[in-house]
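All remarks here apply to the structure that follows.
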Amino acid sequence: MMDKIHDIETKIYVDQILASLRVYRGNTLQRNIEIWKARVLDGLTLRQVGEEFGLGWQRIRQIEVNISRELKTKMKSGRWAM
């Protein structure tokens, strides 16, 4: 994971985004956030993440798209629940 994040500022920013998303969603979708992290930050394939979480690769893709869309919406609006 850390080899994909090149500097500490980026890691802090990503951690803040993820913390904000958890607060925003009330921690009900912690698994989906972990799936997003595995795909985006760790660079695992859809199949690898699916095997790790016991889901099909199609569902992993859907989760990744939904979380990414939600993050983009929050970033555009400037609303971070910190």
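We did not get these values from a lab; they are worked out from the coordinates using the rules stated. Note that the structure is a prediction, hence the values are computed from the model and not measured. For neighbour counting, all protein chains shown are included, and Cβ atoms are generated from backbone atoms with ideal geometry for every residue, glycine included.
Structure data summary
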quantity	calculated
Fewest-first ranking of 77, 20, 68, using other Cβ atoms within 10 Å as the exposure measure	77, 68, 20
Per-peptide average of other Cβ atoms within 10 Å, ordering 45-56, 29-40 highest first	29-40, 45-56
Relative exposure of 72, 11, judged by other C-beta atoms within 10 Å (fewest first)	72, 11
Cα gyration tensor category, rounded, prolate or oblate, for segment 27-82 with a/c compared to 1.5	prolate
Segment residue 15-residue 61, length gained on full extension (0.36 nm per residue, minus Cα span)	14.4 nm
